[in-house]
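See structure below.
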Amino acid sequence: MALSLAHPGRVFSDVHHIDAVTFERSDLYHAVMRPFGVRYSLFGTAQLAHGHQLAQAMMRGHDAGEYDDGEARTLTRLWPHLRRAFDLRIEFGALRARAADLANALDTMPSPVFVVDGHSRLQHFNAAAGRLLEARDGLFVRQQRLVASRPAVTAQLRASLARALTYADAASRAPSSNAKAPATVIEIPRASRRPLGLVVHPLRPPNVMRTRGHDGARAIVVVHDPDARPRVDPTLIARVHALTPTEAELAAALAEGNSLTEFAAGRGCTEATARTHLKRVLEKTGTRRQAELVHRLLASAALHLLRP
């Protein structure tokens with residue numbers, strides 16, 4: 001190993017650099033190699049990207065005999081290709097990690113978010129968008145593209161995406177990165193509830209979602225559902241306002257539109273007990289009324305769920 005580290009990119013045969021008698025008496029040979037029928041080896045190292053070091057060895061048993069110089073030269077010729085393969089593996093792993101980080105971040109968003117590529121195909125959507133699609137009311141996915149229940153609205157959605165994508169890829173004609181990217185808004189009718197509001201944002205080359213997340217991302221679609229009840233994470237409420245678990249559950253229930261009576265019934269306690277908890281919540285959050293409490297919670301980090 002020391003020899004190969006001193007000469008990266010070269011391959012060495014053990015018999016040329018290690019005394020055979022001494023080696024076959026060593027603990028390394030008897031504890032690690034001999035139980036697996038291994039005796040002879042070719043070995044080498046190379047520097048990889050991001051500070052990684054590649055160490056590669058080929059081994060075979062005693063009866064097969066030692067490796068000759070020709071075999072060492074063959075592995076040496078393969079060495080640059082092995083190094084490139086491992087460099088790519090490391091780079092792809094880093095890209096996957098960045099994509100996973102972005103996906104986790106999008107999943108904390110309370111609004112449904114869709115990421116589309118330059119052909120209007122869906123690349124990713126967050127957990128809230130998944131729940132919206134599962135409802136199958138107004139907005140659907142067909143052939144990897146967003147469609148509405150009405151053909152005319154689908155055409156309007158496609159036109160909005162086309163405008164956004166034209167802007168996203170027209171780097172030479174686009175304004176500077178400091179200029180505000182244009183967004184379009186359309187409504188998606190639903191059968192039994194108020195229409196969804198869709199905002200389509202182009203993603204220009206400086207955007208972090210293109211450079212650090214999904215390489216094919218060209219636009220995002222953010223959905224606003226006027227009938228959706230907010231979901232607030234009691235864990236975050238407890239952290240931000242130093243509440244007990246019960247107090248945090250009460251605060252979350254009120255922020256999500258439940259009444260004090262409904263909370264008491266769900267918890268199996270009296271309304272008087274719930275009011276006692278509410279009084280402590282108001283004191284700890286520095287609010288005076290229930291409406292003020294709800295407003296503060298919906299404007300806080302607790303709106304970004306940590307739970308799936």
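The values are calculated or read from the model by the stated rules, or taken from the named source; none is laboratory data. Model, not experiment: these values are computed from the prediction. Because the Cβ atoms are built from the backbone with ideal geometry, glycine has one as well, and the counts that use them run over all protein chains shown. For the accessible areas, the whole protein counts, side chains as well, though only heavy atoms, and no ligand, DNA or RNA atoms are used. Shrake-Rupley method; radii C 1.70, N 1.55, O 1.52, S 1.80 Å.
General remarks:
Results for (1) surrounded by 12 or more Cβ atoms within 10 Å (Cβ to Cβ); (2) among the basic types (Lys, Arg), shown as yes or no for each residue.
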| site | (1), (2) |
| --- | --- |
| Asp19 | no, no |
| Thr22 | no, no |
| Arg25 | no, yes |
| Arg39 | yes, yes |
| Arg60 | yes, yes |
| Glu66 | yes, no |
| Gly70 | no, no |
| Met109 | yes, no |
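- Being under 30 Å from Ala152 (Cα atoms) and modelled with pLDDT of 90 or more holds for only one residue in Val281, Val200, and it is Val200.
- Answer from Gly268, Gly257 - the residue that is among the small types (Gly, Ala, Ser) and more than 34 Å from the chain's Cα centre (by Cα): Gly268
- Of the criteria (1) assigned to a helix (DSSP H, G or I); (2) out of contact with any Leu (no Cβ under 8 Å at 6 or more places or on another chain); (3) at pLDDT 90 or above; (4) surrounded by 15 or more Cβ atoms within 10 Å (Cβ to Cβ), which one Ala274 fails: (2)
- Hits in the stretch 111-135 (condition: touching a helix residue (DSSP H, G or I) at 6+ places or on another chain (Cβ under 9 Å), over 16 Å from Pro230 (Cβ atoms) and open to solvent by 30 Å² or more (accessible area, probe 1.4 Å)): Gly118, His119, His124, Phe125
- Pairs are defined by a Cβ separation below 6 Å, a sequence spacing of at least 6 or placement on different chains, a first member in the stretch 192-211 that is under 30 Å from Arg150 (Cα atoms), and a second member that is modelled with pLDDT of 75 or more and of a type in the set (Ser, Thr, Tyr); the pairs so defined are Val200/Ser160; Val200/Thr184; Pro202/Tyr167.
- The stretch 240-259, residues that are touching a residue at least 24 places away in the same chain (Cβ under 8 Å), closer than 16 Å to Thr273 by Cβ and assigned to a helix (DSSP H, G or I): Thr246, Glu247, Leu250, Ala251, Leu254
- Meets criteria (modelled with pLDDT of 85 or more and surrounded by fewer than 11 Cβ atoms within 10 Å (Cβ to Cβ)) for Arg96: no
- In the condition set (1) closer than 23 Å to Pro202 by Cβ; (2) surrounded by fewer than 20 Cβ atoms within 10 Å (Cβ to Cβ); (3) touching a Pro at 6+ places or on another chain (Cβ under 9 Å), Val223 is compliant with all but (2).
- Comparison of Ala248, Ala255 shows that the only residue that is over 19 Å from Ala105 (Cβ atoms), at pLDDT 90 or above and crowded, with 16+ Cβ neighbours inside 10 Å is Ala248.
- Of the residues in the stretch 290-304, none is buried (at least 16 other Cβ atoms within 10 Å of the Cβ) and in contact with a strand residue (DSSP E or B) (Cβ under 9 Å, 6 or more places away or on another chain).
- If the condition is being over 18 Å from Arg158 (Cα atoms), outside any loop (DSSP other than H, G, I, E, B) and under 11 Å from the mean Cα position of the chain (by Cα), then the stretch 103-129 contributes Ala103, Asn104, Ala105, Leu106, Asp107.
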